[in-house]
Amino acid sequence: MDLLQSVDLAQLPKHIAIIMDGNGRWAKEKGQDRVYGHHEGVISVREIVNTCAEIGISYLTLYAFSTENWKRPQAEVNALMELLVNTIRREVEELRKNNVRLHVIGDFKSLPEICQKELNEAKELTAANTGLNLILALSYSSTWEINEAARNMVADALAGKLKPEDIKGDKFHEYLNTSAFPDPELMIRTSGEHRISNFLLYQLAYAELYFTNVHWPEFRKQNLYEALLNYQQRERRFGKTSEQIQTNNPQHV
Ligand code: IPE
Ligand code: IPE
Ligand code: MG
């Protein structure tokens, strides 16, 4: 049975964030090179992006390359950057057709120029799209993002545009690289690791975390539906009591 039939399409998270992990181990298990896993992982990316667009998710953030990933062997880093360029080039038309708008978060300037160029073109080509917002986290880490935010806040303070007493509520959020997007309600990590690896530390404050042992190249739409079903069985309390939540949302009683 298609699990989608059990998913309540009226109660979907607006924003899903995914740590796409396990490409290397998946390839090794098959007696292949790690890079083979990254290539196969692209097929999962395509399927998950198309599925999110189809079912009406508004934002999907994919952790594709972390600041720390620069420390991997040079050959793997090169292969990942080449894969990024080729994938964007090949998929941009499909994104356009599916009304997907591309965004990038992370230390953009640290990416090779050819990647920057390809990403800028794809962002422009999809800028008018109004469906799914696909946010690629590239050369991203929360350490980098929070340092940037703090640096810009200090600069604004020195320029007289920000006072200590202004820093409350959502103020800090305005300085984050993700300021234009709502925080994710659901964070998925594949391949059995139970950690955040410097991903959206601030923004995941109230996200529901979902971990699966499935490696990313095998994570397909049925796996996404499983995660959504699991998410929909949870009660999100935001500090309140269960009774308060149920009184305010009688449909959940
Ligand atoms: C995720 O898979 C892809 C990237 C981090 C670029 P990994 O390459 O981390 O795969 P494992 O975790 O080593 O299996
Ligand atoms: C996190 O995966 C980064 C991405 C998925 C892009 P890693 O595989 O690099 O994370 P660690 O090093 O195992 O924590
Ligand atoms: Mg990994």
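The values are calculated or read from the model by the stated rules, or taken from the named source; none is laboratory data. Small disclaimer: the values here were computed from a predicted structure and weren't measured. Cβ: placed from backbone, ideal geometry, glycine included. Neighbour counts: every protein chain shown. Heavy atoms of the whole protein, side chains included, go into the accessibility calculation; ligands, DNA and RNA do not. Shrake-Rupley method; radii C 1.70, N 1.55, O 1.52, S 1.80 Å.
Observations
- In the stretch 188-195 there is at least one residue matching the filter, namely being of a type in the set (Ser, Thr, Tyr) and either surrounded by 19 or more Cβ atoms within 10 Å (Cβ to Cβ) or modelled with pLDDT under 95 (or both).
- Any pair with Cβ under 8 angstrom, 6 or more apart, that starts in the stretch 195-223 at a residue that is within 19 Å of Glu47 (Cβ to Cβ) and ends at one that is open to solvent by 70 Å² or more (accessible area, probe 1.4 Å) and away from ligand 3 (no atom under 14 Å from the Cβ): Thr212/Glu226
- Whichever residue in the stretch 196-214 is in a loop (DSSP other than H, G, I, E, B) and within 14 Å of ligand 1 (Cβ to nearest atom) and, among such residues, is surrounded by the most Cβ atoms within 10 Å (Cβ to Cβ): Phe199
- Taking the criterion of being closer than 14 Å to Glu76 by Cα, open to solvent by 30 Å² or more (accessible area, probe 1.4 Å) and hydrophobic (A, V, I, L, M, F, W, C), the only residue of the stretch 26-45 that qualifies is Val35.
- Failed criterion for Pro217 (all others in (1) in a loop (DSSP other than H, G, I, E, B); (2) within 16 Å of ligand 3 (Cβ to nearest atom) hold): (1)
- Near pairs, Cβ below 7 angstrom, 6+ apart or cross-chain, from the stretch 5-18 (among the acidic types (Asp, Glu)) to any residue that is modelled with pLDDT of 95 or more: Asp8/Gln232
- In the set (1) in a helix (DSSP H, G or I); (2) free of Cβ contacts under 8 Å to residues at least 24 places away in the same chain; (3) not aliphatic (A, V, I, L, M), the condition left unmet by Trp144 is number (2).
- Members of the stretch 225-251 that are open to solvent by less than 70 Å² (accessible area, probe 1.4 Å) and under 20 Å from Lys14 (Cα atoms): Tyr225, Ala227, Leu228, Leu229, Asn230, Tyr231, Gln232, Glu235, Arg236, Ile245, Asn249
- Single residue of the stretch 59-106 satisfying the filter (of a type in the set (Asp, Glu) and within 15 Å of ligand 3 (Cβ to nearest atom)) that is surrounded by the most Cβ atoms within 10 Å (Cβ to Cβ): Glu76
- If you filter the stretch 1-25 down to residues that are within 12 Å of ligand 2 (Cβ to nearest atom), open to solvent by less than 60 Å² (accessible area, probe 1.4 Å) and in a helix (DSSP H, G or I), you find that the one that is nearest to Glu226 (Cα to Cα) is Asn23.
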